[in-house]
There are 2 protein chains.
Amino acid sequence: MATLRVPASVPPADEDCGQLRKAFAGWGTNEALIIQILAHRNAAQRKLIREVYAATYGDDLLKDLDAELSSDFQRAVLLWTLDPAERDALLAYEATKRLTASNWVIMEIACTRSSQDLFKARQAYHARYKRSIEEDVAYHTAGDFRKLLVPLVTAFRYEGDDVNMTLAKSEAKLLHEKISEKAYNNDEIIRILTTRSKAQLNVTLNQYNNEFGNAINKNLKDDPKDEYLKLLRATIKCLTSPERYFEKVLRLAINRVGTDEWALTRVVTTRAEVDLQHVKEEYHKRNSVPLDRAIAGDTSGDYEKMLLALTGHGDL
Amino acid sequence: MATLRVPASVPPADEDCGQLRKAFAGWGTNEALIIQILAHRNAAQRKLIREVYAATYGDDLLKDLDAELSSDFQRAVLLWTLDPAERDALLAYEATKRLTASNWVIMEIACTRSSQDLFKARQAYHARYKRSIEEDVAYHTAGDFRKLLVPLVTAFRYEGDDVNMTLAKSEAKLLHEKISEKAYNNDEIIRILTTRSKAQLNVTLNQYNNEFGNAINKNLKDDPKDEYLKLLRATIKCLTSPERYFEKVLRLAINRVGTDEWALTRVVTTRAEVDLQHVKEEYHKRNSVPLDRAIAGDTSGDYEKMLLALTGHGDL
């Protein structure tokens, strides 16, 4: 469930554009007005606003936002305003660049989007970067990381409910066998995790748990500092319980010395329109404090207001 | 260039359906009429015929064709009548089944279709088989074959003309280095061949040829009987000169004891609407005999007539 709140009656796009233009005018910038509009429009509405803005003023709304805003607030507004597919393409692109490299972000995009949405991100990547996402991921990674990440980003998983119990049993056994041999980068483990449907994986991993007495991720903790094993566990979590995965990303981003604003912004902007309500519930359960209170305690100013609006706490 | 010939004035779909229905009626089947209609309609027209046929008679045209026709002629008509994406899905599905297994067919579909068409085949595979194409390919293959085929079928290559010369030089060098070490299944070789755009690969492989004095495929002939090396060479040929690849498939299908009808039918039905004219020219050049004469010499009856119609020789 989404946390995005859209007013019952949304003004026409040209009116929103006029207000945004007003917010940019003069010496100061009216950040509150920008939040009031953009943080309360869904993807289709934001897209229309960008189109009408370009047609009316001959300017690119994203460029104007970029010029008017700064720092974490700027990044949150820009990421949020982007079309989800373009946003994923941008996040994936950054994740393959040296200074912002992140195997986790690549994995997160590959595993938590629907098959169709992941494909749309790949199309947006072509359009924007004149290359394929897998091309950059493969070039940027090596060894076991590449072996796992490339099939993850190129997957187009079946999304129906059909599952095969016989297969689940045999593949649970196969997973257990390879994990017992500590062959964590084994071809069969990679094959199963990167090609099977999420429904099928769920059945397989439940079977694993029933048959062998441990959740698979418990058996993948041989060396808690091994980066590949960490990524493998996160992959499994993303594929089977994305809301628990995102809760942990938020928890780690908030409960550290100096907030990890990139992670916080990424999770809030990419999930607000998808399942952030569910993530919030997980967060509250796990941390005994509501997510919005945690965010308010760790952030400030317009950035805080933007995040709170997206998590469902802004004025409409 | 396509060889398919469509009449200047195509009858409305309901008229085509009435004629087909007539061709099926009574004791015999009017094969000539079936060829006259279906072999001279493009993909959109055939699709419409199937829809109107189902709406008018409540029957599936493909099922009726299946019941009325037999053997090689039947397979040619069925494959041809299918929508290209459904046809590719069917061919890929067969290629992962034990009795009809073929790594070559999987590679051929992955490497000679446009990125968008390959994706459509993956969508059609979901719809028809309730699984993903990569899931079945990965399950059916192992070792080096899997390592090459899975990224090939999941690729969504960039298709613009932008190429990077610096990258081409460094990757040509890298390919040469790994090939010199006989590391034919090396991760970097696989990465380059499975992720780079066809335009970029062309530049890289020309650079390879210029710099190292041999076409890459010459250097991949270490052991002419090695099945993996054969597939690797065919992959490179499909990606860079598909018409030469298809010429060879046709040549081998025809110049053997007993024609390979499956290969012949596959190439003719999948390329007639794409580039069979170009393949025909290659064939004539290489074999000093026109393709249609070679087909006529090796096949007979309605099957021959169907293939000749698709290669551009039927009456309109």
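The values are calculated or read from the model by the stated rules, or taken from the named source; none is laboratory data. Nothing here was measured: the structure is a model prediction, and the numbers come from that model. Every residue, glycine among them, receives a Cβ derived from its backbone with ideal geometry; neighbour counts consider all protein chains shown.
Checking each residue of region A:127-135 against the condition of being within 22 Å of A:L229 (Cα to Cα), β-branched (V, I, T), surrounded by 16 or more Cβ atoms within 10 Å (Cβ to Cβ) and under 20 Å from the mean Cα position of the chain (by Cα) gives no match.
Taking the numbered list (1) assigned to a helix (DSSP H, G or I); (2) within 12 Å of chain A (Cβ to nearest Cβ); (3) among the hydroxyl-bearing types (S, T, Y) in turn, B:Y158 passes all entries but (1).
Residue selection: A:Y245 satisfies the criterion of being among the aromatic types (F, W, Y), in a helix (DSSP H, G or I), touching a residue at least 12 places away in the same chain (Cβ under 8 Å) and closer than 16 Å to A:C111 by Cα. Only one of the listed residues (B:N206, B:N210, B:N186, B:N214) is surrounded by fewer than 19 Cβ atoms within 10 Å (Cβ to Cβ), closer than 30 Å to B:A2 by Cβ and polar (S, T, N, Q). That residue is B:N206.
Taking the criterion of being of a type outside the set (A, V, I, L, M) and either out of contact with any helix residue (DSSP H, G or I) (no Cβ under 9 Å at 6 or more places or on another chain) or more than 8 Å from chain B (Cβ to nearest Cβ) (or both), the residues of region A:161-174 that qualify are A:D161, A:N164, A:T166, A:K169, A:S170, A:E171, A:K173. Looking at region B:164-235, the helices (runs of 4 or more DSSP H) lying wholly inside it that each contain 1 or more residues that are over 28 Å from A:Y129 (Cβ atoms) and outside the structural domain of B:I106 (by TED's automatic domain parsing) sit at B:165-180, B:198-212.
Taking the criterion of being within 14 Å of another protein chain (Cβ to nearest Cβ) and in contact with an Asp or Glu (Cβ under 7 Å, 6 or more places away or on another chain), the residues of region A:185-233 that qualify are A:N185, A:I192, A:T195, A:R196, A:S197, A:A199, A:T204. Residue-level analysis places B:Y93 among those that are assigned to a helix (DSSP H, G or I), within 30 Å of B:E227 (Cβ to Cβ) and of a type in the set (S, T, Y). Residue pairs whose Cβ atoms lie under 6 Å apart, sitting 6 or more positions apart in sequence or on different chains, and linking a residue in region A:136-152 that is more than 8 Å from chain B (Cβ to nearest Cβ) to a partner that is part of a helix (DSSP H, G or I) and among the aromatic types (F, W, Y), are A:D144/A:Y228.
Against the list (1) without any contact (Cβ under 8 Å) to a residue 40 or more places away in the chain; (2) surrounded by 17 or more Cβ atoms within 10 Å (Cβ to Cβ); (3) closer than 24 Å to B:T259 by Cα, the condition B:R98 fails is (2).
Based on what the data block shows, is B:T29 among the polar types (S, T, N, Q) and closer than 13 Å to B:D64 by Cβ? Taking the combined requirement at face value, the residue satisfies it. Count of region B:96-133 residues, restricted to those that are of a type in the set (A, V, I, L, M, F, W, C), away from every other protein chain (no Cβ under 12 Å) and in a helix (DSSP H, G or I), is 7. What are the residues in region B:240-267 that are at pLDDT below 95 and not basic (K, R), if any? If the condition is that a residue be at pLDDT below 95 and not basic (K, R), then B:N255, B:V257, B:G258, B:T259 are the ones that fit. Where helices (runs of 4 or more DSSP H) sit wholly within region A:6-58, those with at least 2 residues that are buried (at least 16 other Cβ atoms within 10 Å of the Cβ) and in contact (Cβ under 8 Å) with a residue 60 or more places away in the chain occupy A:31-38.
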